[in-house]
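The values are calculated or read from the model by the stated rules, or taken from the named source; none is laboratory data. The shown structure was predicted, so the numbers you read here are calculated from the model rather than taken from an experiment. Cβ: placed from backbone, ideal geometry, glycine included. Neighbour counts: every protein chain shown.
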Amino acid sequence: MSRTTFRTPSALPGFGLTFGFTWLWLTLIILLPLGGVILWAGSLGLERLAQIASDPRTLSALRVSFGLSLLAAVLNAVFGLILAWILTRYDFPGRRLVDAAVDLPFALPTAVAGIALAAIYAPNGWIGQWLPFKVAYTPLGIFVALVFIGLPFVVRTLQPVLTDLDRELEEASATLGADRPVTLLRVVLPTLFPALLTGFALAFARAVGEYGSVIFIAGNVPYVSEIAPLIIIMKLEEFDYGAATAVATIMLLISFALLLLINLLEAWTRRRLGHVR
Amino acid sequence: MNRRSASRLFAALALAAPIAFGALPAAAQSTLTNVSYDPTRELYKDFNALFVKHWKAETGEDIKIQVSHGGSGKQARSVIDGLNADVVTLALASDIDAIAKATNKLPADWQKRLPNNSSPYTSTIVFLVRKGNPKGIKDWGDLVKPGVEVITPNPKTSGGARWNYLAAWAYGLKQNGDDPEKAKAFVAELFKHVPVLDSGARGSTTTFAQRGLGDVLLAWENEAYLSFAEFGDDKFEIVFPSVSILAEPPVAIVDANVEKNGTRKAAEAYLNLLYSPEGQSLAAKHFYRPVKPETVSNKADVERFQKLDLVTIDDTFGGWAKAQKEHFGDGGVFDEIFKPK
Amino acid sequence: MSADVAAAPAARLIANPTTESRAARLLLIGLGLGFLALFLVIPLFAVFAEAFRNGAAAYFEAFGDPDTQAAIRLTLLVAAIAVPLNVVFGLAASWAIAKFDFRGKSFLLTLIDLPFSVSPVVAGLCFIVLFGANGYFGPWLDHHGVQVIFAVPGLVIATVFVTFPFVARELIPLMQEQGTSEEEAALSLGANGWRTFWSVTLPNVRWALLYGVLLSNARAMGEFGAVSVVSGHLRGLTNTLPLQVEILYNDYNFVAAFAAATLLAGLGLVTLVVKSLLEWRYGDEISSKHRK
């Protein structure tokens, strides 16, 4: 597809209006506020920025946030795949109910989720009392909260792809003598892989910034269970806006890179599945 | 293609907005906004009712009191960022200092304007342990014994936690012939026994009392007593350490805001009422140590306070301005003790 | 696109080569459901169990608290402003993006998605930096007596920020899929642009639009992190329902806290039920099957 002009000609009206409005609103609500944060951080000067960025406590919080988000996204990828598979391929009682429930973390306020998770995974909670190790108030607690909020993404990304998946491929594989595990591994999984990756990246991106559900269950001990958004809150409460905006900028840059990656993956997914537009 | 449902959908959307607008609360009469810290919720609930009655009797006017509670540092930050507080009643002086310094909305010497360092009530830091004191905790030294878990909020965000920290430091000084290095080592060791740092005093109490975490909670004296009322008498015990700190939660008028809101008279009356016999009685009822105990109507409320060896922030730490910078500022002692070796 | 409808009965007839053994199926179902129970169902159940711990009377008593009632009203108000704004933006953005081809489209899409992966805390910080007393526009606003943060406008802006992509994200894939031929036909028959939009495009995407509205509404009412930073937590004045939950919880008023939480959880459940109904009834007209 080669485009020589900015826009391919079309018979439909309203491009100028809607395109302009989209950019205007986007600028007012998203770009200007984010720009404000970046500008504020930028006014600190490189030296101070480098100093904040290399502060071991900040680095440790970023590590906790990104590391645990990565692990949570991995777990979500595995179980999200299983859930998407059983929801599209199998029939069992209450399937529709389960399907609806998958979106719950999306609709439930994060603070409520955090309080509820802390209550049941605390040492005296419904689940916590049966476990030989501590979950709430440890990094494991953060992990639980991040799994909770990332859950819908993998499932919802995979479902449409699984629904559209051509079963003839599996039949062909079976007639050619492959047994079921081989078919799944060599035929089905590669087709799903781009969507799986997208869902994984979405769950990851969402988990990195999560605050509400995590602080109630995290423990918030420096160098152990302190997440990056909490560092921002703490800097803010110390009236150190410079440091708060600097840490926020670091997180923003990583988020933006991640999203760009997601959209590239999406484009790749579409190309692989032959949805040529 | 059902066109009508689409337009119906839009009609519903258009209708929803005005309904919600109509549900807005009617504009209130004159209001006074008190921005306070975490454990004063119960006190100010009663006190506000008292003040509304008092103000009506004095002036014949109705007044409404808005309150906001949260970690002391967070509350100060909100006022700095423009929260329209008429009065602030925070956990420690340095948070109000910060407001004065960042906004010039009240003078730097605000603390001299009201009696007793502008603190109508004081408190201190005590230990709350589980019933029967299974770990045998009697004093600060017992907190760093192997296997003891200590719950305290985060000194960076909570005022009460800063008092906790300073009380521990005072003990460290006293035990070690005023050697600050040894005091630091003691406090550092103490924080190794802390598994959770909640952002406010309330969070810590919940973690300790509801979630069953930790062996001892470092708490405001009033929070410790209150936990009996909230969670039952049979669950916890209070342990009074050999030394603690005189915590002075100060109150102040935010001058620029009361000028703007036209509420100076009410704000002054509000704070003065805290020092009146009725205000002092309410403070004592809610387990704050009144600064004029002789005026409290129910003597039993005063007699239940134990006599304790209390150090003061001015004598031991050279005032809040110094202590804040040295211990809790960016790169201060508190940051240092958490640095991995 | 109706592959699922055709495939389902066919799959049952020739089940053996293209499905797993019964044991494997049961194992997978067990794993999936166990995972859901551990991370989803039990927490949800806990919310309701705590709310009803002292019986139904105590539960309903929690809603008599004027501060909680004010929080409910405020939450409704914020959503009632934020969601329609999102609808207008979502329709404009999806029209521009789905019906036209232009350069930098995927960059624009990335920007629209941005709020989705921005930490709510950073979102709140943005508005402190812009409108706080020490922020870029703070002094000017203060001079003119306009209160943005710690008041309803701040709550609305923060909510719009957080829910920004939802409606657009539901509409864009569906409108892309539908192409432009119907609109072109309407235009060639003499309808003007608005008429075409109202009579052709909108009916085509109405269920996806409703779904986007539901999603962004649930998210708007449930938002905690961003709103917490700009609220000021004035009881009965700037506390939305999620903030009121935290406050009640810190008041040791656990039953009332969880009772308020059940409202939000209930809202989430209603959203999901309506969504399922929509999908079941208008499955191929809704974009969620093609989402992301």
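Scan C:VAL156, C:VAL200, C:VAL152 and give me the residue that is within 11 Å of chain A (Cβ to nearest Cβ) and under 21 Å from C:GLY135 (Cβ atoms).
Answer to the check: C:VAL156.
Select from region B:207-224 the residues that are within 11 Å of chain A (Cβ to nearest Cβ) and assigned to a loop (DSSP other than H, G, I, E, B) and write down the one among them that is surrounded by the fewest Cβ atoms within 10 Å (Cβ to Cβ).
Looking at the filtered set, the residue picked out is B:GLY212.
Kindly provide the set of residues from region A:2-30 that are out of contact with any strand residue (DSSP E or B) (no Cβ under 9 Å at 6 or more places or on another chain) and surrounded by 14 or more Cβ atoms within 10 Å (Cβ to Cβ), ordered by number.
A:SER10, A:LEU12, A:PRO13, A:GLY14, A:THR18, A:PHE21, A:THR22, A:TRP23, A:TRP25, A:LEU26, A:ILE29, A:ILE30
Among the residues of region B:106-127 satisfying the criterion of being in a strand (DSSP E or B) and in contact with an Asp or Glu (Cβ under 6 Å, 6 or more places away or on another chain), which is nearest to B:SER242 (Cα to Cα)?
Ranking the qualifying residues of region B:106-127, first place goes to B:VAL126.
What are the pairs with Cβ atoms under 9 angstrom where one residue, in region B:186-206, is at the interface with chain C (Cβ under 10 Å from one of its Cβ atoms) and closer than 18 Å to A:SER213 by Cβ and the other, located anywhere, is surrounded by fewer than 24 Cβ atoms within 10 Å (Cβ to Cβ) and hydrophobic (A, V, I, L, M, F, W, C)? Sequence gap at least six, or different chains.
Within 9 Å, the pairs are B:THR206/C:PHE254.
Test C:VAL87 against the stated conditions and say whether it is buried (at least 24 other Cβ atoms within 10 Å of the Cβ), assigned by TED's automatic domain parsing to the domain that holds C:LEU267 and among the hydrophobic types (A, V, I, L, M, F, W, C).
No; evaluated as a whole, the condition is false for this residue.
Out of (1) within 19 Å of the chain's Cα centre (by Cα); (2) at pLDDT below 95; (3) not assigned by TED's automatic domain parsing to the domain that holds B:ASP178, what's the single condition that is false for B:SER297?
(1)
Across region B:65-105, what is the number of residues that are within 9 Å of chain C (Cβ to nearest Cβ) and part of a strand (DSSP E or B)?
Adding up the residues that qualify gives 3.
Could you please find all residues in region C:218-261 being of a type in the set (D, E, K, R) and facing chain A (nearest Cβ under 9 Å)?
Scanning region C:218-261 gives C:ARG219, C:GLU223, C:GLU246.
May I ask you to verify whether A:GLY150 is of a type outside the set (A, V, I, L, M), buried (at least 24 other Cβ atoms within 10 Å of the Cβ) and more than 9 Å from every other protein chain (Cβ to nearest Cβ)?
yes
State whether one or more residues within region B:157-175 are among the β-branched types (Val, Ile, Thr), crowded, with 24+ Cβ neighbours inside 10 Å and either in the same structural domain as B:ALA98 (by TED's automatic domain parsing) or part of a loop (DSSP other than H, G, I, E, B) (or both).
yes
Determine if region B:230-239 includes at least one residue that is in contact with a helix residue (DSSP H, G or I) (Cβ under 6 Å, 6 or more places away or on another chain), within 14 Å of another protein chain (Cβ to nearest Cβ) and not in a strand (DSSP E or B).
Yes, the conditions are met somewhere in region B:230-239.
Return the residue satisfying two criteria in turn: it lies in region A:219-252 and is small (Gly, Ala, Ser) and in a loop (DSSP other than H, G, I, E, B), and of such residues it is farthest from the other protein chains (Cβ to nearest Cβ).
A:SER225
Among (1) out of contact with any Lys or Arg (no Cβ under 7 Å at 6 or more places or on another chain); (2) crowded, with 24+ Cβ neighbours inside 10 Å, which single condition is C:PHE166 missing?
Every listed condition holds for C:PHE166 apart from (1).
Taking the stated definitions as given, is C:PHE116 within 30 Å of B:GLY82 (Cβ to Cβ), at pLDDT below 90, of a type in the set (Phe, Trp, Tyr) and under 24 Å from the mean Cα position of the chain (by Cα)?
It is true that C:PHE116 is within 30 Å of B:GLY82 (Cβ to Cβ), at pLDDT below 90, of a type in the set (Phe, Trp, Tyr) and under 24 Å from the mean Cα position of the chain (by Cα).
Where residues in region B:310-341 are assigned to a helix (DSSP H, G or I) and polar (S, T, N, Q), which of them is nearest to the chain's Cα centre (by Cα)?
Selected residue: B:GLN324.
Tell me, which helices (runs of 4 or more DSSP H) wholly within region A:149-218 include 2 or more residues that are closer than 23 Å to A:ASN263 by Cβ?
Filter on region A:149-218 gives A:189-209.
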